[in-house]
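To start, the structure itself, in structure tokens.
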Amino acid sequence: MSTPEFTKAVPEYVTVSLSDYGVIELIGPQSEQFLQGQLSCDLRELTANNWLYASHCDNKGKALAILFVARWADRLLLITSKDALQASISQLQKFGVFSQTTIRDASADFPLYGIFGTAAPARVAELLGQPLAVGVEQPVSASDDQLVLQVGTDPEQYLLVRNSTMATNSDPQLWHLLEIDRGRATLQSATIQQFVPQMLNVQALHGISFKKGCYIGQETIARMKYLGKQKRALFHLRGQGQPTAAGVVVEQQLGANWRTAGTVINAVSRAEHQLELLAVLPSDLSADTPLRIQGDDTSLLEIYPLPYNLDES
């Protein structure tokens with residue numbers, strides 16, 4: 001278990017607008033039953049006091065979205081990037097007509113914000129107007145007009161769902177850097193339906209239930225686990241290079257030559273010519289393998305430890 005980079009110089013209070021995230025809302029008596037057949041997590045573990053991590057896949061087991069799943073009063077909320085939201089809601093609405101559930105893009109109604117730092121717990125409790133939930137894993141706190149998911153510690157990190165806007169003090173890139181430090185992938189248009197969830201380490205973050213029974217894509221996901229078919233995983237890379245984007249090729253050095261190794265999933269420039277990124281690469285890649293971004297011959301990246309074990313599930 002490694003220490004997230006942000007703990008080396010923990011900020012006091014960072015607030016950002018997550019305008020590139022969105023919310024899918026499900027309401028109706030069969031919403032939970034319906035999602036049980038769609039998502040990789042076990043909806044029976046979801047309460048009003050906790051959130052779940054999950055993937056939503058197509059019938060070939062390729063991830064449409066990676067999601068935070070939460071309950072708020074009579075709603076079930078799925079929070080993900082807006083690119084992934086569009087892919088995910090299309091499949092949900094296609095199959096949802098057979099269940100008593102209403103599915104809609106509620107992003108315009110529920111602005112999303114990220115907050116983290118040493119002062120975050122007290123400030124978030126003040127925003128909520130009540131103490132934050134404690135004593136459960138992945139806690140959720142709710143009022144009539146706000147939902148708070150605690151999505152990390154060291155530093156304390158919160159995802160806020162509100163019914164109104166609020167002022168912020170920082171660039172959203174700081175949130176995305178922290179998500180890279182957490183080893184939590186977010187799918188963009190170039191990476192949707194390209195990877196089985198295990199290639200994105202969803203199982204290591206407890207986002208896959210291997211006991212819940214059937215759901216869309218389950219056969220491929222189970223086969224990868226039980227037949228040892230997983231050949232790729234998500235890695236945290238750090239080094240020098242020009243700004244890059246999701247879907248760009250990462251190359252590895254083999255002797256005097258460079259060969260395709262994998263794909264950028266998320267990338268942020270921490271400073272000029274300093275890159276932080278998550279990339280899907282061969283699972284058995286040596287930690288000292290030189291890596292670079294295709295088309296940027298001056299780039300040089302190294303594998304950085306993840307804050308979790310890949311064999312956790």
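Since every read-out is calculated from the coordinates, none of them should be taken as a lab result. Computed from a prediction, not measured in an experiment: that's the story for all the values here. Neighbour counts run over all protein chains shown; Cβ positions are idealised from the backbone, glycine included.
Build a GNM of the chain with springs between Cα atoms under 10 Å apart, and of Asp145, Asp284, Asp181 the one that fluctuates most is Asp284. Between Ser164 and Glu137, the simple spin-label model (points 7 angstrom out along Cα→Cβ) gives 3.7 nm. Taking volume of the Cα convex hull per residue in Å³ as calculated from this structure, the corresponding entry among (1) 147; (2) 127; (3) 135 is (2). Where in segment 130-157 does the amide nitrogen come within less than 12 Å of the point 7 Å from the Cα of Asn49, taken along Cα to Cβ? Taking a point 7 Å out along Cα→Cβ of Asn49, the residues of segment 130-157 whose backbone N falls under 12 Å are 133-141.
Between Val249 and Ala271, the simple spin-label model (points 7 angstrom out along Cα→Cβ) gives 3.2 nm. Every helix of 4 or more DSSP H residues in the chain counts as -39500 (n - 2.57), and over all residues that averages to -4500 deg cm²/dmol at 222 nm. The distance between label points at Ala125 and Gln194 comes to 4.3 nm (points 7 Å beyond Cα on the Cα→Cβ vector). Using the structure shown, select from Lys60/Lys94; Lys60/Lys211; Lys62/Lys82 the pairs with a Cα to Cα distance greater than 27 angstrom. Cα-Cα > 27 Å for no pair; all within.
How high is the relative contact order of the chain, given as a whole-number percent (alpha carbon pairs under 8 Å, six or more residues apart)? Normalised by residue count, the contact order of the chain is 21 percent. Averaged over residues, the count of other Cβ atoms within 10 Å places the peptides 269-277, 23-31 in the sequence 23-31, 269-277, highest first.
Of the GluC sites (Glu not before Pro) in segment 121-168, the ones in a loop by DSSP (not H, G, I, E or B) with at most 11 other beta carbons within 10 Å are Glu137. Stretched out straight at 0.36 nm per residue, the stretch from Gln30 to Gln294 would grow longer than its current Cα-Cα span by 90.4 nm. Here the gap between Thr260 and Phe210, fully extended at 0.36 nm per residue and compared with their Cα-Cα distance, gives a gain of 14.8 nm. Positive end of the dipole of segment 184-304 (Cβ unit charges, origin at the Cα centre): among Ala267, Ala287, Asn201, the Cα lying farthest that way belongs to Asn201.
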